[in-house]
Amino acid sequence: MSMFHTLGRNILNNIQGVGQASIMLAQALVGKPQPRKMLPLLIRQLYVVGVQSMLIILISGLFIGMVLGLQGFTILVDFGAEQALGPMVALSLLRELGPVVTALLFAGRAGSALTAEIGLMRATEQLSSLEMMAVDPLRRVVAPRFWAGVISMPLLALMFNAVGIYGGFTVGVQWLGVDDGAFWSVMQSSVHWQDDIMNGVIKSVVFAVVVTWVALFKGYTATPTSPGISAATTQTVVYSSLAVLGLDFVLTAIMFG
Amino acid sequence: MTTRTMELMVGVFAAAAIAALLFLALQVANTSDSTRGETYTLIAKFDNIGGLKVRSPVKVGGVVVGRVSAIRLEGDYYEPVVEMQISTRYNRFPETSTASILTSGIIGEQYIGLEPGFIDDFIEILGDGGEIPNTNSAMVLENLIGQFLFSQGEK
């Protein structure tokens, strides 16, 4: 009996959490747009969330592309099909690895920082003082961070893809000796602009919304103590990574199924 | 960090992303496709289209001149009809042309091979929506084996 009790309570808590998170997001985003006030805040957050994540994204993209080139080559060369290295690297990056790995790295690099920052704002009562000054913390603190995350992750994913394909090219063509022309032309004939590149961008926009939303909600509702913020940061990374991987399967099934 | 440097870095960030998008668009995806730009439609009826798919290439002598845009069944006998978008640069296919479904390599993808026919005074040039009357269907391996076994049995 108590098992059902616990299950029911967990389900209700989860539904309540989703509802709270939706209300938080709606309150933060819906309202009169104030571009003059919001733009400087947005640019600051784009810097913190986007520009500072660039290095890790570029380096991991390069290495993932190089590893794909190396592993793909050793398998494809057995079948004498090493020209297929180009499409293999490009399609796996554009369709799956680019958006997913970017989202996972973004959750670890920027999502956790967002949660900790907002959680600490709550713990040190900065959010309450904003309210005392009649400034809505949702509009002032949450909204710019949300938009910054949603804007910067697709851009980061594009860079990840480009650098990754370049990494695959470096290893495949310049090191292992796949033919230069065949690498690009076979890639071009199998990569489709809308189906592959644009669907990848759509995927990363969806992941961006999920990761940033989870991070902001977990920070905003963190228990204002040291263990509370630490738990919230952990939850951000765990929940958003799981959500990204699960959603990726659903999106792949819809887009390429 | 002053606001100015921050704006500069965000600008660099956005520019890098646009550069990445351009790289993907120009170098990775196929934008110099002959099927971009102006196209016109040709249709052809086959008995069997084999593994032909939408977006399969249409080639003349190995050169891609267009792509398959739709495949459907038509008429009382459910005949497969293939619709192709051909670049308007190649708009002089006479009605004596032949369309065959061919395979690139042994296990490669299937494509439509167009062969322009002869032209004289009484032959019309196919316009938009024109039908190619002469077609050769896809080779289906099972049928070939079946015919082979059948011809062996007759001896």
Does anyone have the angle between helix B:3-23 and the longest principal axis of chain B? Alpha-carbon axes, 0 to 90°, nearest 10?
10
Would you mind computing, in nm to one decimal, how far apart the modelled labels at B:Thr5 and B:Leu22 are, each placed 7 Å from Cα along Cα→Cβ?
2.7
Here, A:Leu12 and B:Phe148, labelled 7 Å along Cα→Cβ, have an inter-label distance in nm of 7.1
What is the calculated FRET efficiency for B:Met139 to A:Val135, with r their C-beta to C-beta distance and R₀ = 56 Å, to the nearest 0.05?
0.15
Taking the Cα centre as origin and putting +1 on Lys and Arg beta-carbons and -1 on Asp and Glu beta-carbons, what dipole magnitude results for the protein assembly as shown, to the nearest 20 debye?
2500
Helix B:141-154 axis, angle to chain B major axis (alpha carbon atoms, nearest 10°):
20
Kindly write out, for the range B:70-87 in residue order, the coupling ³J(HN,Hα) from the Karplus curve 6.51 cos²θ - 1.76 cosθ + 1.60 (θ = phi - 60°), rounded to whole Hz, with x marking Gly and Pro.
7, 10, 8, 9, 9, x, 5, 9, 6, 8, x, 10, 10, 9, 10, 9, 10, 4
Using the basic label-point model (7 angstrom from Cα toward the beta carbon), what is the B:Glu95 to B:Asp121 distance in nanometres?
1.7
Once the Cα atoms of helix A:2-29 and of chain A are each reduced to a long axis, what angle between those two axes, in degrees from 0 to 90 to the nearest 10, is obtained?
90
Comparing A:Ala215, A:Ala103, A:Ala231, which has the greatest mean-square fluctuation in the GNM of chain A with Cα pairs linked when under 10 Å apart?
A:Ala231
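Per residue of B:6-19, count partner chain C-beta atoms within 10 Å of its C-beta, then hand back the mean as an integer.
Numbers: counts 7, 5, 2, 7, 11, 3, 2, 12, 6, 0, 9, 11, 2, 3.
Counting other chains' Cβ atoms within 10 Å and averaging over B:6-19 gives 6.
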Radius of gyration, Dmax [chain B; alpha carbons; angstrom]:
23.0, 92
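Please give the length that would be gained between B:Val64 and B:Asp128 if that part of the chain were fully extended, namely 0.36 nm times their separation in residues minus their C-alpha to C-alpha distance (nm, one decimal). Intermediate values should be presented prior to the final figure.
Numbers: separation 64, 0.36 × 64 = 23.04 nm, distance 1.84 nm.
Length gained, B:Val64 through B:Asp128: 21.2 nm.
I need the shape label for the range A:180-257. Rule: rounded when a/c is under 1.5, else prolate if a/b > b/c, else oblate, with a, b, c from the alpha carbon gyration tensor. Spell out each step's value before the answer.
Numbers: a/c = 3.91, a/b = 2.96, b/c = 1.32.
Verdict is prolate for the range A:180-257.
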Hits in the range A:16-33: amide N under 20 Å from the 7 Å Cα→Cβ extension of A:Ala231, namely A:16-21
Give me, ordered by chain and number, the residues 5 or more places off A:His192 or on other chains with an amide H under 5 Å from its own placed amide H.
A:Ile197
What aspartates and glutamates sit close enough to B:Lys53 to cross-link, taking a C-alpha to C-alpha distance under 13 Å and skipping anything fewer than 8 places away on the same chain?
B:Glu83, B:Glu109
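For B:Ala14 and A:Lys32, what is the calculated FRET efficiency with R₀ set at 45 Å and r taken between the beta-carbons, to the nearest 0.05? Write down the numbers at each step before the final one.
Working: r = 26 Å, r/R0 = 0.58.
The pair B:Ala14/A:Lys32 has a calculated efficiency of 0.95.
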Give me, ordered by chain and number, the residues 5 or more places off B:Glu131 or on other chains with an amide H under 5 Å from its own placed amide H.
B:Ile43
At q = 0.14, 0.17 Å⁻¹, base-10 log of I(q)/I(0) for chain A (Debye sum, equal scatterers on each alpha carbon)
-0.94, -1.20
Take chain A, connect every pair of alpha-carbon atoms lying under 10 Å apart with a spring to form a Gaussian network, then pick out the residue of A:Met133, A:Met153, A:Met88 with the largest mean-square fluctuation.
A:Met133
What residue among A:Pro99, A:Pro154, A:Pro224 shows peak mean-square fluctuation when chain A is described by a Gaussian network model with Cα springs under 10 Å?
A:Pro224
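Since every read-out is calculated from the coordinates, none of them should be taken as a lab result. What you are looking at is a predicted structure, and each value in this text was computed from that prediction instead of being measured. Methodologically, a virtual Cβ is constructed for each residue, glycine included, from the backbone with ideal geometry; neighbour enumeration extends over all protein chains shown.
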